[in-house]
Amino acid sequence: MTALSACQKDQNANTVDQKKMATVADSAIAAAPATNFLAAKGILTFDLGDTTYTFNAAEDSIAFVNLSVGDSRYFGITAINKAHTMSFAISSKGTAAADVKKGVEGSQLLLRPDAMHIKQYSLTQFTAPGDAGVIDVQQYRQDSVLAKGTFFTFLAYDDKAESPFYRVQGSFNLKLK
C-alpha cells in the first residue's frame, strides 16, 4: 500500500504512528529478554545481486529474537553494523528450535552510506503466499551455538508491482560465547 501526502501534518502523523509501532515492537522484545539473545561471536552473511554483505558479531550487533504479538509468535535475526550504515532483519512465524524450517514472514535491508542517502530493500509483497523464502535453523541453543542455519528470501527496492526483486541467500553461525 502506497500513501501519498501533500500535507506536512499527514507526514508527521505517519512518523508518529511508525514510532508507536517501533515502541510496541521494542517493548515486546524487552518483555521477553530470556528468549532474545545477542550473539557474542559469529557471522551473518548474505548475497544480494553481485554484493556479499557480512555482519561479524565481534564488532557488529547481531541478535536472535523470539517474540509474541498478540497470539502470534515470531522468531528471527536482526543485525546492525558498528558504523550504523547497514542493518538487516529476517523473521518467520512460529517458534525457534533446532531442525526447524519455516517460511519467511518479513525481511528488510537498509543501507545508509552517508547522511543524505538511504537505500531500502524490503520483502516483496508480490510473491504467492508461502513463496517469500525460508529460514532453515539447523542448530539452536546447543552448547555455545546460539543459532546456525541458512535462509533465502526476495527483497525489492520499492513496493511497486513492476519493481524488480532480488533473491537473497545467506547463512548464519552465531555463538553465545
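Rule-based calculations on the coordinates, nothing more; no lab input. It should be emphasised that the depicted structure is a prediction, and the values quoted were computed from it without experimental measurement. Positions of Cβ are generated from backbone atoms using ideal geometry, with glycine treated the same way; all protein chains shown enter the neighbour counts.
Here are some notes:
- Using a Förster distance of 25 Å, the FRET efficiency for S72-D158 (Cβ separation, nearest 0.05): 0.40
- Each residue of the stretch 69-84 was assigned a 3J(HN,Hα) from its phi angle through the Karplus expression (A = 6.51, B = -1.76, C = 1.60, θ = phi - 60°), giving 10, x, 8, 9, 10, 9, 9, x, 10, 10, 9, 9, 6, 4, 7, 6 Hz with x at Gly and Pro.
- Cβ-based net charge around I62, under 12 Å, with every Lys or Arg adding one and every Asp or Glu removing one: +1
- Globularity ratio of the stretch 34-175, using Cα Rg and 2.2 N^0.38 Å: 1.02
- Here the Karplus relation 6.51 cos²θ - 1.76 cosθ + 1.60, evaluated at θ = phi - 60°, turns the backbone of the stretch 88-97 into coupling constants of 9, 8, 8, 9, 9, 7, x, 10, 6, 6 Hz, with x for every Gly and Pro.
- Sites M116 and E59 - FRET efficiency at Förster radius 30 Å, r taken between beta-carbons, to 0.05: 0.75
- Lysine pair number, Cα distance threshold 25 Å (strictly under), the stretch 37-139, separation 8 or more or different chains: 6
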